There are 2 protein chains.
Amino acid sequence: MEVQNKYIVIKHHIEDAPKEAIFELKTGTIALSVAPGSDDIIVKNLYISIDPYQINRMKLSSSSQGTSSFAAPINPGEAIDGAVIGKVVASGNAKFQKDDLVLGVFTWAQYSLVKEGSILRKLESSEFPLSYYLGVLGNNDLLRFNGLSAYAGFFELCKPQKGEKVFVSAAGGAVGNLVGQYAKLLGCYVVGCAGTQKKVELLKKELGFDEAFNYKEVKDLNYALKRYFPDGIDVYFDNVGGETLEAAVANMRIFGRVAVCGVISEYSSGGRKASPNMLDIVYKRISIRGFLAADFLNVFEDFFSKTSDYLRTGKLKTIEDISSGVESIPSAFVGLFKGDNIGKKVISLAEE
Amino acid sequence: MEVQNKYIVIKHHIEDAPKEAIFELKTGTIALSVAPGSDDIIVKNLYISIDPYQINRMKLSSSSQGTSSFAAPINPGEAIDGAVIGKVVASGNAKFQKDDLVLGVFTWAQYSLVKEGSILRKLESSEFPLSYYLGVLGNNDLLRFNGLSAYAGFFELCKPQKGEKVFVSAAGGAVGNLVGQYAKLLGCYVVGCAGTQKKVELLKKELGFDEAFNYKEVKDLNYALKRYFPDGIDVYFDNVGGETLEAAVANMRIFGRVAVCGVISEYSSGGRKASPNMLDIVYKRISIRGFLAADFLNVFEDFFSKTSDYLRTGKLKTIEDISSGVESIPSAFVGLFKGDNIGKKVISLAEE
């Protein structure tokens, strides 16, 4: 049995800001069965994770591109892969049965043909809504791991102490909102910045941030941070780079720690690159460290069980922004760079 | 008995590049005795350490200025203090006797009046030439510690492994030449950059660097580093900041480490500030850390005994650049920023 299969490609590489027009919705066909002897798996996709880092894979060249999955180039016309949760429709692989819930790196499509060697695992638990396993509980063999990024970047890299002063940028985003909540659970003073008043309200009223502000309404970021952190910042969790990083460094205390999770303001060529004051970095003994959650799989079990507990007891809130259908992917993706999403951006594709 | 005492002041704060004309040689008088009941000490200065960081104290304002001794402002007309080795001429303090060799933070002068509470200690050992105690054996309660900076910054911050690839900027300077020598003693591959052919020859022929190059003769620093490090840089010991830092980051391997000891190219306002590629920092999990040797006093004994051994056995060479007389301080200081010095810059003031 063959069915139509809608999927998304890029028409050409991204050169500056991402625009919906570079994406194209295509329709192909896919067999919902596998040939005898094949170990292919056919997956009906249920939820697709939409993540900013993908823009770097869509550029023609980047010094950071390589062969690893998080950096492999996405080429025009080719199906785009990313983190997806789906249900097995047909399987030539004895480890997977029809109707198994799986997560892995599949195509931005209604159905995906998953070859031997792909990143793929069974979803063992479904205690929480399925989309959580792409976000807050982001799992350990996917490309990106919002929950683990927040947890490992904050606790493992920054080694925060109760009472320390924490600043989070893109705090209304998939990772930032979790960092702020973890920091509050530890007993830190937490300030977040975001790009809309709605997000600011959410951070303060729903997520328990001590303070939050709309960076677009701030004339002087340096001065704003001085006001929120009169004694300086101990930990800055950076999702944006650019002038926010500069202002954070200028306001850090001695032995301040910066975890660089992403630099969304620098992903499109219009964004100004950060030039943090290196003299501050020396005199205040600041550390700036980039990281990938994949390097912290050793704390995955700890992260998963603690975070699940926090979710069960309502100590941690999940913020998701869900659109429907493959057709919504281009605007969802482009919206990430305009700050349209509140929390984790997910595409819902089909009823289970 | 009163004698004439020549000393150096700044006429006004430094606004951009340091020039000799901002300095003034003054002549005062000083009593070579102390009043009964006073705990003052009069020191005849023998060697004065000339260090780039002092420029930051001579600026009108700096976000890094504070009250700590390494950052306290130097004001026009006031005697300038820095690391000095001298001999006690008269002492009202029972712990110090006439003719004791001392080191501490004294004035850029022929004689210094040292008040209670100043940074001051006896020089217990004089196995090596006295000037060594300002440089390669730079001691643990002075403002700056070239030897300890090199040792702690390299070993403690960078955690280098035998066989790793190490890049050192300002490798002909007081700290850089030691870092490269320590790295060679550990068994690393070491490349240094410097600003004259003479320094390049010294690094390769005298100090055992695997490679060295004159950055002024290189058109594309990024390309040059690619050539010297085809497999990438593991450790970059940064003394200069600016575009050298950018090129090093672009050429780093995953989990590369940058120790930022100083950023001399950014000290004067003409210097372009570093904008390292933050995406590289994330994807390659690079760490950039500023440090002060003062934070590593816990390894001082280890540093001092190992370094003394290396000096005794000739495994480590000492590179010093010595000028004579208080009058030579302005050109010596300004020369630091033009790369005039080869190795540690010291002013010799008097016969012992």
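The values are calculated or read from the model by the stated rules, or taken from the named source; none is laboratory data. All values derive from a computational prediction rather than experimental measurement. Here Cβ is always computed from backbone atoms with ideal geometry, including for glycine, and neighbour counts include all displayed protein chains. In case anyone asks, the SASA skips ligands and DNA or RNA and just uses the protein heavy atoms, side chains included. Shrake-Rupley method; radii C 1.70, N 1.55, O 1.52, S 1.80 Å.
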Original post:
Residues in the range B:340-351: is at least one at pLDDT 95 or above, part of a helix (DSSP H, G or I) and under 30 Å from B:VAL89 (Cβ atoms)?
Top reply: no
Original post:
What number of residues within the range A:303-324 satisfy the criterion of being more than 18 Å from the chain's Cα centre (by Cα) and not charged (D, E, K, R)?
Top reply: 7
Subject >> All positions within the range B:295-315 that are surrounded by 20 or more Cβ atoms within 10 Å (Cβ to Cβ) and within 14 Å of chain A (Cβ to nearest Cβ) >> reply: B:PHE296
**OP:** Report yes if some residue within the range A:277-294 is more than 12 Å from chain B (Cβ to nearest Cβ), more than 18 Å from the chain's Cα centre (by Cα) and touching a residue at least 12 places away in the same chain (Cβ under 8 Å); otherwise report no.
**Re:** no
Original post:
What's the number of the condition A:GLY339 fails, among (1) small (Gly, Ala, Ser); (2) within 14 Å of chain B (Cβ to nearest Cβ); (3) on the phi > 0 side of the Ramachandran plot?
Top reply: (2)
Subject >> Boolean, B:GLU327 is modelled with pLDDT of 90 or more, within 18 Å of the chain's Cα centre (by Cα) and closer than 30 Å to B:HIS13 by Cα >> reply: no
Subject >> Failed item, numbered, when B:PHE106 is tested on (1) in the same structural domain as B:ASP238 (by TED's automatic domain parsing); (2) over 15 Å from the mean Cα position of the chain (by Cα); (3) open to solvent by less than 20 Å² (accessible area, probe 1.4 Å); (4) not aliphatic (A, V, I, L, M) >> reply: (1)
Subject >> Qualifying position, being in contact with a strand residue (DSSP E or B) (Cβ under 9 Å, 6 or more places away or on another chain) and within 14 Å of another protein chain (Cβ to nearest Cβ), among B:THR244, B:THR318 >> reply: B:THR244
Original post:
Is there a residue in the range B:203-224 that is within 12 Å of chain A (Cβ to nearest Cβ), open to solvent by less than 40 Å² (accessible area, probe 1.4 Å) and of a type in the set (Gly, Ala, Ser)?
Top reply: no
Subject >> Hits in the range A:163-202 (condition: among the small types (Gly, Ala, Ser) and within 17 Å of A:CYS261 (Cα to Cα)) >> reply: A:SER169, A:ALA170, A:ALA171, A:GLY172, A:GLY173, A:ALA174, A:GLY176, A:GLY180, A:ALA183, A:GLY192, A:ALA194
Subject >> Residue list for the range A:226-241, filter: within 14 Å of chain B (Cβ to nearest Cβ), in contact with a strand residue (DSSP E or B) (Cβ under 7 Å, 6 or more places away or on another chain) and under 18 Å from A:GLY172 (Cβ atoms) >> reply: A:TYR236, A:PHE237, A:ASP238, A:ASN239
Original post:
Within the range B:284-294, can you find the residues that are in contact with a strand residue (DSSP E or B) (Cβ under 9 Å, 6 or more places away or on another chain), open to solvent by 10 Å² or more (accessible area, probe 1.4 Å) and not in a loop (DSSP other than H, G, I, E, B)?
Top reply: B:SER287, B:ARG289
Original post:
Filtering the range B:235-246 down to residues that are more than 11 Å from A:MET278 (Cα to Cα) and open to solvent by 10 Å² or more (accessible area, probe 1.4 Å), which residue is modelled with the lowest pLDDT?
Top reply: B:GLU243
Subject >> Evaluation of B:ILE329 against (1) farther than 22 Å from B:LEU202 by Cβ; (2) among the aliphatic types (A, V, I, L, M); (3) not assigned by TED's automatic domain parsing to the domain that holds B:LYS44 (one fails), failing number >> reply: (3)
Subject >> the range B:30-51 - residue that is open to solvent by less than 40 Å² (accessible area, probe 1.4 Å) and either charged (D, E, K, R) or within 14 Å of another protein chain (Cβ to nearest Cβ) (or both) and, of those, farthest from B:GLY92 (Cα to Cα) >> reply: B:ASP51
Subject >> Single residue of A:ALA293, A:ALA259, A:ALA250 found to be among the aliphatic types (A, V, I, L, M) and more than 21 Å from A:ASN146 (Cβ to Cβ) >> reply: A:ALA250
Original post:
Across the range B:253-276, what is the number of residues that are buried (at least 21 other Cβ atoms within 10 Å of the Cβ) and either part of a loop (DSSP other than H, G, I, E, B) or hydrophobic (A, V, I, L, M, F, W, C) (or both)?
Top reply: 10
